[in-house]
Amino acid sequence: MAKQNKEKSQFKLLGKKRFAPFFWTQFLGAFNDNVFKNALLALVAFNAAYSTNLGTSAIDNLAAGFFILPFVIFSALAGQLADKFEKSALIRYIKLFEIFTMLTASVALYYNSVWGLLIILFFLGTQSAFFGPVKYSIIPQHLHPDELVGGNAWVESGTFIAILLGTITGTLLTQADNGPLWIALVVVLIAITGWMTSRKVPLAKSANETLRIRYNPLTETWKTLQLGRQKRAVFLAIMAISWFWFLGASYLTQLFQFTKTDLNGDQTVVTTLLALFSIGIAFGALLCERLSGHKVELGLVPVGSIGLTIFGVDIFFAYTPAPGKETG
């Protein structure tokens, strides 16, 4: 018990072998996803070599769809695999798949293939979909009960700091000479680094080695939702988290086109807006640990969800349409 109290500060977790390798592995994964994704969006929006007949706005929405679709298809299967197999090994396999994906992305970048890059984005979404259940289920196996909120806060804040840094890196690389070449080199190096940190993640035993894998995504997703509904607090938390990611994905997807056509800005303006968005989320995630008193407090979830909605409405009323769009 003394040991647990001594480690109660969430900041000390980053020095612990049972948490730090996992934290940096997931951080690098989120960082790499966003370097690639935002570089793609910036290339489509600001680089004529990546223009298509569909237009920037359509490509932005397609990119979001290609990245999110694997979560709909594979999340139920990913959850079963996370329960059945030892988790540190699963993480290493997922990181190897990331290296393969980024090597393939290098080829698509070399040939200026927008559709090839969108397919790669689908693969990145697939990798993230399989990593998600492992990411959240491994934390309780390595942390004490009074460290769970702090550990989750670090993962959440780390994710959005990675989004911020990935966005800055991706947009800056598109402005460099031979930008696509630099993007290809950076994403491959980040993937390799993430695999190296994953090798240090401690073992996390299987939760159910006898689990029979069911591959039908529709029935398994429905079964998961029904399981969540058995506890009202859990189901409401699932709905709030879904709302959060729905809004977040909507904002992040539209920012590039919004900045270019409505704010008449460039990549620097996009980076500034995303920085404010990501820093706010990271700060809020770390603040949760203090507000919850170092314990799981579901009462904070609706507060955050309501805040997202209110400030989203505020953005609507603060927005002034660009000339020619008042009636569009």
Describe numerically, in nm with one decimal, the distance between label points set 7 Å from Cα along Cα→Cβ at Phe100 and at Phe246.
3.4 nm
State the answer as a single residue: which of Gln141, Ser157, Thr197 lies farthest towards the positive end of the charge dipole of the range 131-210, with beta carbon charges of +1 for Lys and Arg and -1 for Asp and Glu, about the Cα centre.
Thr197
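In the structure displayed, which of Lys17/Lys95; Lys17/Lys231; Lys37/Lys95; Lys12/Lys95 lie more than 24 Å apart, Cα to Cα?
Lys17/Lys231; Lys12/Lys95
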Between Lys135, Lys205, Lys231, find the one with the highest GNM mean-square fluctuation for the chain; connect C-alpha pairs within less than 10 Å.
Lys231
Does a label point 7 Å from the Cα of Asp266, set along Cα-to-beta-carbon, have any residues of the range 158-190 with amide nitrogen under 14 Å, and which are they?
171-177
Roughly to the nearest percent, how much of the accessible area of the chain is carbon and sulfur, given a 1.4 Å probe?
69 percent
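Between Thr224 and Leu287, what's the calculated FRET efficiency when r is the beta-carbon distance and R0 is 35 Å? Round to 0.05.
0.75
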Express the accessible area of the range 70-120 per residue in Å², computed with a 1.4 Å probe while the remaining protein chains stay in the model.
45 Å²
Relative to the chain, whose Cα atoms define the longest principal axis, helix 300-318 and its Cα axis are tilted in degrees, nearest 10, by 10 degrees
Computed about the Cα centre, the charge dipole of the chain from +1 Lys/Arg and -1 Asp/Glu charges at the Cβ has a magnitude in debye, to the nearest 20, of 1380 debye
How tilted is helix 217-229 with respect to the longest principal axis of the chain? Cα atoms for both, answer in degrees (0 to 90, nearest 10).
60 degrees
What is the helix-to-structure angle for 232-261, meaning the angle in degrees between its Cα long axis and the longest Cα principal axis of the chain, kept from 0 to 90 and rounded to the nearest 10?
20 degrees
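The values are calculated or read from the model by the stated rules, or taken from the named source; none is laboratory data. For clarity, every value in this text was computed on a predicted model and none was experimentally measured. Every residue, glycine as well, gets a Cβ built from its backbone with ideal geometry; the counts of neighbours run over all protein chains shown. All accessible areas refer to the heavy atoms of the entire protein, side chains included, with ligands and DNA or RNA removed. Shrake-Rupley method; radii C 1.70, N 1.55, O 1.52, S 1.80 Å.
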